[in-house]
1. Quick check, is B:ALA59 closer than 24 Å to A:GLY408 by Cβ and within 14 Å of another protein chain (Cβ to nearest Cβ)?
2. Inside the range A:158-197, can you point out the residues that are closer than 14 Å to A:GLY77 by Cβ and either surrounded by fewer than 20 Cβ atoms within 10 Å (Cβ to Cβ) or within 12 Å of another protein chain (Cβ to nearest Cβ) (or both)?
3. I'm trying to understand the selection: among the residues of the range A:199-218, which are farther than 17 Å from B:ARG61 by Cβ and in a loop (DSSP other than H, G, I, E, B)?
4. Can you tell me which condition A:VAL150 does not meet? The list is (1) within 23 Å of the chain's Cα centre (by Cα); (2) more than 14 Å from chain B (Cβ to nearest Cβ); (3) surrounded by fewer than 23 Cβ atoms within 10 Å (Cβ to Cβ), and all the others hold.
5. Could you go through the range A:277-298 and let me know if any residue there is in contact with a helix residue (DSSP H, G or I) (Cβ under 7 Å, 6 or more places away or on another chain) and within 14 Å of chain B (Cβ to nearest Cβ).
6. Quick test of your reading of the structure: A:PRO390 fulfils all but one of (1) at pLDDT 90 or above; (2) more than 13 Å from chain B (Cβ to nearest Cβ). Name the failing condition by number.
7. Just for the range B:15-43: of the residues that are out of contact with any helix residue (DSSP H, G or I) (no Cβ under 9 Å at 6 or more places or on another chain) and hydrophobic (A, V, I, L, M, F, W, C), which one is nearest to A:GLU411 (Cα to Cα)?
8. Could you tell me how many of the residues in the range B:1-43 are charged (D, E, K, R) and within 11 Å of chain A (Cβ to nearest Cβ)?
Amino acid sequence: MTTVATSVDRTRLPPAPGGPGVPAPDETRVVDGPALLAHLHDGPSLAAHRLRVGPCPSPGVESILAATTAVDVRGRGGAGFPFSVKLATSARRRRRVVVVNLAEGEPASAKDSALAICVPHRVLDGAASVAHALGAREVHIIVAEDRPVVIGAVSHALAERRAAGERLRWTMHRARPAFVAGQARAVLELMAGRENLPVTAWMPEAVSGHRGRATLLCNGETWAQVGTLLAAGPQAYRRHGTADEPGTTLLSMGRDREDTEDTEDTEGSNGTEDAQTLEVVEVPYGTSWSALLTPGQLARPVLLGGYHGTWAAPGELTDAVVSRHGLAALDLALGAGVVLPLPTGTCPLTRTSGIVSYLAGQSARRCGPCLNGLPALADALTRVASLEDPGPLDGSRSARERVEELLGLVEGRGACAHPDGTVRLVRSLFRAVPDEATRHASGACAFDAGLHRRGSAR
Amino acid sequence: MTANLRVDWPACQRRGLCAEVLPEVLSLDEWGFPVVGAAVPPELIGLAQEAAAVCPHSALRLIREA
């Protein structure tokens with residue numbers, strides 16, 4: 001296990017009303033894994049990477065298409081779009097651009113940071129191989145301005161590659177420390193020298209992206225998966241995972257005190273009581289959630305996919321496995337792989353309203369429904385979560401009815417996925433704990449022992 | 001062929017002219033931003049083009065799909 005400093009500015013983190021807050025990933029533990037995170041003790045150097053993995057693969061487009069189709073590599077930034085479709089689309093056009101997006105805008109996500117720090121050349125090899133195949137001479141790398149350790153690690157790795165004679169031109173861009181700054185169109189805006197905010201996409205990036213050129217933009221894990229697949233071949237890639245979903249996936253797991261008490265050295269790094277640590281793990285598809293979470297965590301709601309993700313209901317993951325298809329059947333999604341168990345004594349309504357308040361503050365403030373709707377949604381949700389009787393909002397609508405109305409007004413009405421992701425989070429909350437809004441309206445909470453009676457001290 | 005109106009959300013400044021031209025498809029939400037209803041029926045294509053043309057910020061587009 002390696003502990004790395006990812007140095008995220010804590011001021012970005014959402015407020016944590018009613019209990020322990022979100023993980024503050026100024027320190028992230030990275031656990032050795034079966035493929036991408038294998039042999040971490042070798043260190044991140046290019047020499048070690050070449051010794052273990054071999055030279056940067058240089059297959060042609062057709063063979064990359066065949067390999068990525070065979071094992072169905074999906075984008076790991078959240079949307080899960082097939083990599084081979086993106087590649088085929090950009091390959092049909094001229095003058096292609098390759099982009100490595102390491103700007104993890106979500107504070108609770110650290111997997112791309114972990115890759116950049118621990119195994120940068122897995123990421124860079126993936127992008128370099130595909131750039132060679134596409135005839136792209138320039139590769140753009142997006143790093144988050146507030147993750148200086150990642151910037152340092154990437155700069156060092158690029159210097160190593162230049163010293164080794166690599167002819168590609170790598171250009172690094174620094175994304176703003178904001179939730180939406182890593183969104184694909186916001187990244188293209190940054191690359192074009194404009195404000196690092198999302199704009200309307202009239203066409204997919206692979207058709208018309210950077211300065212109108214076909215742009216193959218993927219996050220760090222996607223490139224690392226592609227690099228690992230091309231180096232080892234589909235057969236080796238299939239050694240992990242299931243027949244249906246070969247390979248592995250990275251997860252950023254929130255670990256609260258309760259779970260880390262028995263491991264040494266957690267004291268001290270967490271100065272405040274709302275701190276959690278993050279652990280980046282690599283697991284094969286098909287891994288049981290019971291192997292990843294404690295029985296106590298499984299018995300409470302679990303937030304899958306981060307702040308734009310979905311709440312799994314108490315007990316819902318007990319017999320489930322890490323699987324895109326399997327989770328989709330439960331109306332759940334892994335998104336970019338953030339897994340946040342709900343700490344004991346924390347109310348999921350209160351937690352969600354805290355996250356929505358944070359997301360409202362992270363709006364790029366350009367699209368009207370998001371700018372106006374998310375703060376209103378946060379306010380209504382705070383009322384739903386409250387154990388005090390806030391009275392009807394206006395007219396005779398309850399806060400719960402107002403939440404539904406706002407979800408309808410916000411969904412599908414923005415340049416980026418920020419409003420839709422927020423809607424997904426809130427909808428999943430009411431699916432995961434269907435009785436909780438009514439219980440709160442009557443002044444009780446099933447989760448927070450300190451919140452049981454109406455008018456208690458919060 | 002179907003035709004749909006799409007809003008360029010960062011460009012939209014809620015002038016509301018579009019909803020005046022094409023109330024059959026567009027309404028305004030509580031903040032004054034357009035709510036796009038169903039697809040544009042063939043007989044309203046002309047008005048939909050006008051609704052897009054009348055926007056002072058060019059924030060509305062008619063997208064035709066085969």
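1. Judged against the criteria, B:ALA59 is a match.
2. If the condition is that a residue be closer than 14 Å to A:GLY77 by Cβ and either surrounded by fewer than 20 Cβ atoms within 10 Å (Cβ to Cβ) or within 12 Å of another protein chain (Cβ to nearest Cβ) (or both), then A:VAL180, A:ARG185, A:ALA186 are the ones that fit.
3. A:GLU205, A:ALA206, A:GLY209, A:ARG213, A:ALA214
4. (3)
5. No, because not a single residue in the range A:277-298 is in contact with a helix residue (DSSP H, G or I) (Cβ under 7 Å, 6 or more places away or on another chain) and within 14 Å of chain B (Cβ to nearest Cβ).
6. That leaves (1) as the condition not met.
7. Per the criteria, the residue is B:VAL36.
8. 5
The values are calculated or read from the model by the stated rules, or taken from the named source; none is laboratory data. Computed from a predicted model, the values in this text were never measured in an experiment. FYI the Cβ positions are ideal-geometry reconstructions off the backbone, even for glycines, and counts take in every protein chain you see.
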